[in-house]
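Below: the structure, in structure tokens.
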Amino acid sequence: MRPVLAQPLISRRKALAGGLGLFAGASGAALAQTNLGADFIPALRGLGSFRILEQIAATPEIKAALAQPGGATVLAPTDTAFALLPNNQLSSMLPPQNADTLRRIMLRHIIPGRLTTQLYAGQIIQVTSVSGYKVTIDLIRTPPTANGISMHWRDTNFLNGAIQVLNGVLL
């Protein structure tokens, strides 16, 4: 799948100066593509409670999305975000017969390329997830939002991308 570049909709100021946990870059050609997303779960564990996301990320389809050339940004819903889903929606997704639904929802949260503060501070950008889902990220607001859901824009990096914590689930 070809990466879809973020398109700035509104620019209020230039990117913020250093000290924001900016990604230094991986030696992409030297790494086997299948290992590029390997440190995603350890990086995620340092951010809080993501047990549900960890289970979903272990699937081959999600691993492949995390290992794509050019990197990936994960808008990572917390366990609390999943628990806030209406009408016990999460419990209806978890049984093995509904695992495909949960994987499809998770693919909405993976954006091709690394989205970092350095690149997009003070902007509203429109991006497309690996599943084709459109996401509008507003980095002008405090706190930033993704399709209206508040997020912690931390630039937490893993080998092949960045993690941004989302306080909801993109449905």
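The values are calculated or read from the model by the stated rules, or taken from the named source; none is laboratory data. Bear in mind the structure is a predicted one, so any value in this text is a computation, not a measurement. Here the Cβ positions follow ideal geometry from the backbone for every residue, glycine too, while neighbour counts run over all protein chains shown. Just so you know, the surface numbers come from the protein's heavy atoms only, side chains and all, with ligands and any DNA or RNA stripped out. Shrake-Rupley method; radii C 1.70, N 1.55, O 1.52, S 1.80 Å.
Determine whether Gly132 is of a type outside the set (A, V, I, L, M) and more than 22 Å from Pro42 (Cβ to Cβ).
The answer is yes for Gly132.
Select from the range 117-147 the residues that are under 11 Å from the mean Cα position of the chain (by Cα) and under 20 Å from Asn160 (Cα atoms) and write down the one among them that is least open to solvent (accessible area, probe 1.4 Å).
Across the range 117-147, the extreme among qualifying residues is Ser129.
Residues in the range 148-160 that are on the phi < 0 side of the Ramachandran plot and open to solvent by less than 20 Å² (accessible area, probe 1.4 Å): how many?
3
Take the residues in the range 71-85 that are of a type in the set (Ser, Thr, Tyr) and either loosely packed, with under 14 Cβ neighbours inside 10 Å or in contact with a Leu (Cβ under 7 Å, 6 or more places away or on another chain) (or both), then tell me which one is nearest to Leu53 (Cα to Cα). Break it down stepwise before answering.
Let us first name the residues in the range 71-85 that are of a type in the set (Ser, Thr, Tyr), namely 73, 78, 80.
Those still in the list that are either loosely packed, with under 14 Cβ neighbours inside 10 Å or in contact with a Leu (Cβ under 7 Å, 6 or more places away or on another chain) (or both) too: 73, 80.
Numbers: Thr73: 14, Thr80: 11 Å.
Among those that are of a type in the set (Ser, Thr, Tyr) and either loosely packed, with under 14 Cβ neighbours inside 10 Å or in contact with a Leu (Cβ under 7 Å, 6 or more places away or on another chain) (or both), it is Thr80.
Which of the residues that make up the range 86-116 are open to solvent by 20 Å² or more (accessible area, probe 1.4 Å) and either charged (D, E, K, R) or under 17 Å from Met151 (Cα atoms) (or both)?
Hits for the range 86-116 are Asp100, Arg103, Arg104, Arg108, Arg114.
Within the range 138-171, how many residues turn out to be part of a strand (DSSP E or B), touching a Phe, Trp or Tyr at 6+ places or on another chain (Cβ under 9 Å) and not hydrophobic (A, V, I, L, M, F, W, C)?
Number of matching residues: 4.
Here is a check on your reading of the model: is Ala65 part of a strand (DSSP E or B) and touching a helix residue (DSSP H, G or I) at 6+ places or on another chain (Cβ under 8 Å)?
no
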